[in-house]
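Here is the structure we will look at.
The values are calculated or read from the model by the stated rules, or taken from the named source; none is laboratory data. Bear in mind the structure is a predicted one, so any value in this text is a computation, not a measurement. A quick note on method: Cβ atoms are made from the backbone with ideal geometry, for glycine too, and the neighbour counts reach across all protein chains shown.
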Amino acid sequence: MHRRRKLHVCVAVGLFASMLWPPLAHTQSSYQATLAIRLDQPRGTINRNIYGQFAEHLGRLIYEGIWVGENSSIPNTRGMRNDVLAALKDLHVPVLRWPGGCFADEYHWLDGIGPREKRPRRPNSSWGGIDTNAFGTHEFLDLCEMLGADAYINGNVGSGSPQEMMQWIEYMTSDADSEWANLRRRNGRDKPWKIPYFAVGNETWGCGGNMRPEYYADVYRRYATFIKNHSGNRIQKLAVGAYDENYNWTEVLMSHAAKQMDGLSLHYYTLPTGNWEKKGSATQFGEKEWHATLSRTLRMDEFIQKHSAIMDKYDPQKRVGLMVDEWGTWYDSEPGRDLGALYQQNTLRDAVAAAINLNIFHKHADRVQMANIAQMINVLQAMMLTDKEKLVLTPTYHVFRMYSVHQGATLIPVDLSAPEYKLSDTSVPSLSASASRDSEGRLHLSVVNLDPNRAAEITATIAGGVGRNVSGELLTAPVMNAMNTFDHPNTVKPTQFSGYRFEGSRLTLSIPAKSVVVLELK
Ligand code: AHR
């Protein structure tokens, strides 16, 4: 009904508007851009694992965020919150990394199996508090099965042995009549699980053991030797990679251990200030911080390019994946909150930052085989926030849901030409875009307008055939720091996008300031 009324208005002003299109072209509140969509030059596949998640025993992620226990008054399935499960299912989470993070290198898997009342309570020395171990291997793998997600287990190198790692893998994946497989059966799981990804430590240059790259390369080779494939399970072995521009780490790891690995990680967090001591507020910011945050987000492209170039020297076939298994925004903890819990609110700025990063990962789909945003619930750039029985979806969640159409699709190159978005003496591109074609021939185009003040009037050409049936979603808000709260959970949420039209073979798009748009053409 509402849509029909809108159409009438369009028809009424149609003739006049067609003479003026693009309607805002010469006002100060918009800028012109062109976009060439190369449907005729399809590239590789966008690995669906780029949409991976990360769940560490940290703050209120596992306990409260997912695990409330079977006797909780919060509706749950085998101890896990139903509202969280439902929201995650809509994201089609392809892969889930667990149990850390820094926590992985202090985690001993035997603590988290068997009757829950007998599991030891241990201090979480990385992030504070006591871990009851109520959520362990069986619970994590149950969660993965409920979500239809692949399991990515992060092993303990810092304080664990190759023997402990080897036995954990046997416990989870072996179908034999052997001690560890039989213990799994006694703990209620007959059939072995599939574990496709296993990492040898986390941040071994820091919280995972403060190692030099030369030392870790040998440690990696040693531990990786004992990661065995049982009963048809095939494990991809992942080595700890660099952070930011630590290119020497990549050089040493690739030159010493490329043959023994299937993936090498990269961690990069966006801090508005770039200063770990004073990162900046998640919600109290102006245009200066908006610009700086997006500018730092865009550095992901540079880091991936340069680490990939090193990897290319040792692995020109691109067999070894670059796994960006920690990324996202990281702000100062909210005043009055436990500093170790890394709880932060999430605004439109985070949605824009997430979309930029996802577009960058697509662009490097030939090398980036996985990415895991940090972290899934209540920690850093989360998909959702919980407060007892309440749940709120963040702007970042909406981007992940809108972008899920790109999972496993064929990358379609795009050429953008747009003015820079300048502030004082710094500038960033005003637009970021990415396109893919799915197995049913539908073209999906995502466009991010970084400029918080001006709409983008884009003239797009599509080389190669696609239908003209267009639909789309728009995520934006009146202010840069708009957020969803427990009292106002729908301040930032997707709406139908109607700022498009065809003129002959040209598609014109009017993308609002500070917004994310995902279009479908079929
Ligand atoms: O995601 C929070 C922490 O950041 C992780 O535990 C660690 O790997 C990184 O430093």
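Data table
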item: Segment 451-476 residues that are under 20 Å from Ser417 (Cβ atoms) and in a strand (DSSP E or B), paired with ones that are at pLDDT 95 or above and among the basic types (Lys, Arg) (beta carbon under 8 Å, 6 or more apart); result: Ala463/Arg38
item: Residue in segment 46-60 that is nearest to Val368 (Cα to Cα), counting only those that are in a loop (DSSP other than H, G, I, E, B) and within 14 Å of the ligand (Cβ to nearest atom); result: Ala55
item: Segment 111-139, residues that are more than 16 Å from the ligand (Cβ to nearest atom) and in contact (Cβ under 8 Å) with a residue 24 or more places away in the chain; result: Asp111, Gly112, Ile113, Gly114, Thr132, Ala134, Phe135, Gly136, Thr137, His138, Glu139
item: Residues within segment 61-89 that are touching a Leu at 6+ places or on another chain (Cβ under 7 Å) and part of a strand (DSSP E or B), tallied; result: 2
item: Segment 90-110 - residue that is part of a strand (DSSP E or B) and touching a helix residue (DSSP H, G or I) at 6+ places or on another chain (Cβ under 8 Å) and, of those, farthest from the ligand (Cβ to nearest atom); result: Val95
item: Where Gly464 falls short, out of the listed (1) modelled with pLDDT under 95; (2) closer than 17 Å to Ile356 by Cβ; (3) of a type outside the set (Asp, Glu); result: (2)
item: Index of the failed condition, Asn210 passing every other in (1) within 16 Å of the ligand (Cβ to nearest atom); (2) surrounded by 17 or more Cβ atoms within 10 Å (Cβ to Cβ); (3) polar (S, T, N, Q); result: (2)
item: Filtered residues of segment 371-393 (kept if outside any strand (DSSP E or B) and within 16 Å of the ligand (Cβ to nearest atom)); result: Ala374, Gln375, Met376, Asn378, Val379, Leu380, Gln381, Ala382, Met383
item: Residue among Leu474, Leu521 that alone is within 25 Å of Gln41 (Cα to Cα) and out of contact with any helix residue (DSSP H, G or I) (no Cβ under 7 Å at 6 or more places or on another chain); result: Leu521
item: Members of segment 487-522 found to be under 22 Å from Leu294 (Cβ atoms), within 27 Å of the chain's Cα centre (by Cα) and not in a strand (DSSP E or B), listed by number; result: Thr491, Val492, Lys493, Pro494, Phe497, Pro512, Ala513, Lys514
item: Scan of segment 290-342 for residues that are exposed (fewer than 15 other Cβ atoms within 10 Å of the Cβ), among the charged types (D, E, K, R) and within 16 Å of the ligand (Cβ to nearest atom), ordered by number; result: Arg337, Asp338
item: Qualifying residue in segment 283-295 (condition: in contact with an Asp or Glu (Cβ under 7 Å, 6 or more places away or on another chain) and either at pLDDT 95 or above or under 22 Å from Glu214 (Cα atoms) (or both)); result: no
item: Sole residue being more than 14 Å from the ligand (Cβ to nearest atom), surrounded by fewer than 17 Cβ atoms within 10 Å (Cβ to Cβ) and under 24 Å from the mean Cα position of the chain (by Cα), chosen from Tyr247, Tyr197; result: Tyr247
item: Hits in segment 250-268 (condition: in a helix (DSSP H, G or I) and buried (at least 17 other Cβ atoms within 10 Å of the Cβ)); result: Thr250, Glu251, Val252, Leu253, Met254, His256, Ala257, Ala258, Gln260
